[in-house]
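Computed from the coordinates by the stated procedures, all read-outs in this text should not be read as laboratory data. On a predicted model such as this, the values are computed, not experimentally measured, just so you know. Cβ sites come from the backbone with ideal geometry, for glycine too, and all protein chains shown count toward neighbours.
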Amino acid sequence: MIEVTLLGTGSPIPDPRRAGPSTLVRAGGQAFLVDCGRGVQQRMAAAGIGANGLTALLLTHLHSDHIADLGDLLITRWVTTFTEQVPLPVIGPPGTAEVVEATLTAFGHDIGYRIAHHADLTAPPPVEVREVTDGPVWDHDAVQIRVAPTDHRPVAPTIGFRIEHDGASVVLAGDTVPCESLDALAAGAGALVHTVIRKDLVELMPQQRFRDICDYHSSVEQAAATAERARVGILVLTHYVPGIAPGQEEDWRARAAAVFPRQVELGDDLHRVEVHPGVCVRPGG
């Protein structure tokens with residue numbers, strides 16, 4: 001079984017009810033954080049996990065709303081680990097190493113203060129960055145992860161992740177428009193976690209800057225169509241733009257259900273979904 005927790009379901013616009021984009025995936029005793037938007041550690045605490053409990057950090061792309069709390073995460077993991085400091089694997093698209101290095105440089109004064117004050121902190125936060133665009137990236141203790149390119153241009157490159165364990169599988173699309181590479185990554189998966197926007201609402205906004213986001217995000221209906229083409233078992237919607245107003249969940253769900261006739265999940269931060277082996281639709285099923 002794979003457990004998916006929507007830690008942050010918000011957008012770049014601060015929302016008192018929703019943290020920034022981030023998802024926790026637990027599988028085979030391992031814990032993977034996918035993206036780290038603002039407020040992620042508060043949501044992690046509510047989900048019962050600290051920064052030092054993460055197995056790896058997976059980044060779909062380097063937009064600010066998806067990495068806003070990267071520095072906080074790295075520093076907190078460092079100062080709350082009291083055993084041997086094991087580097088945190090950070091897997092993301094090309095450019096990730098530069099961003100991680102720059103983030104640690106920005107926190108250089110803080111790191112220096114802590115090293116000077118605490119005898120057991122002798123080096124900066126340890127990380128191992130791996131930049132990828134396609135193929136397998138993880139195979140430990142019966143958990144496998146592979147990535148494929150997505151299409152969020154002009155943001156490029158961007159990637160999606162497929163996590164598999166003991167017959168269960170979850171794909172995390174990140175921000176993207178429909179594309180063949182995502183269809184292939186998601187094919188037959190137990191669940192697809194997908195960013196969605198309501199283009200009908202965004203297009204009513206007076207500022208062109210907001211309307212521009214329609215160019216490179218999937219609508220609810222497009223995400224549902226991706227899930228249906230891939231024949232996944234569960235569609236999990238997140239990163240809602242604009243945010244879902246209280247009482248409007250069923251309207252969003254209905255738009256997805258009109259295209260994707262199986263299980264549709266959406267909700268507030270900390271919404272949890274269990275994905276069990278065999279939760280998919282086989283060709284012709």
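Observations on the model:
- For the residues Thr158, Thr80, Thr195, a GNM of the chain with alpha-carbon springs under 10 Å puts the largest fluctuation on Thr80.
- To the nearest ten degrees, helix 70-79 and the longest principal axis of the Cα atoms of the chain are 40 degrees apart.
- Cα shape, the stretch 77-134, gyration tensor, a/c 1.5 rule: oblate
- The mean sequence distance of close C-alpha pairs (under 8 Å, at least 6 residues apart), as a share of the length of the stretch 2-267, puts its relative contact order at 14 percent.
- Ranked by the mean number of other Cβ atoms within 10 Å of their residues, highest first, the peptides 117-129, 32-44, 2-14 come out as 32-44, 2-14, 117-129.
- Crossing angle, helix 96-106 versus the chain [Cα axis fit, 0-90 degrees, rounded to tens]: 50
- Residue ranges 239-247, 166-174, 81-89 sort as 166-174, 239-247, 81-89 when ordered by packing (mean number of other C-beta atoms within 10 Å per residue, highest first).
- Bridge orientation summary for the chain: considering DSSP beta bridges with both residues in this region, about 60 percent are antiparallel.
- Value in Å of the Kirkwood radius, where the stretch 175-235 supplies the Cα pairs that are averaged: 12.1
- Whole-angstrom gap from the stretch 64-116 to the stretch 138-217, using each part's C-alpha centre: 25
- Calculated [θ] (222 nm, deg cm²/dmol) that DSSP helices of n ≥ 4 give over the chain, each run adding -39,500 (n - 2.57): -7000 deg cm²/dmol
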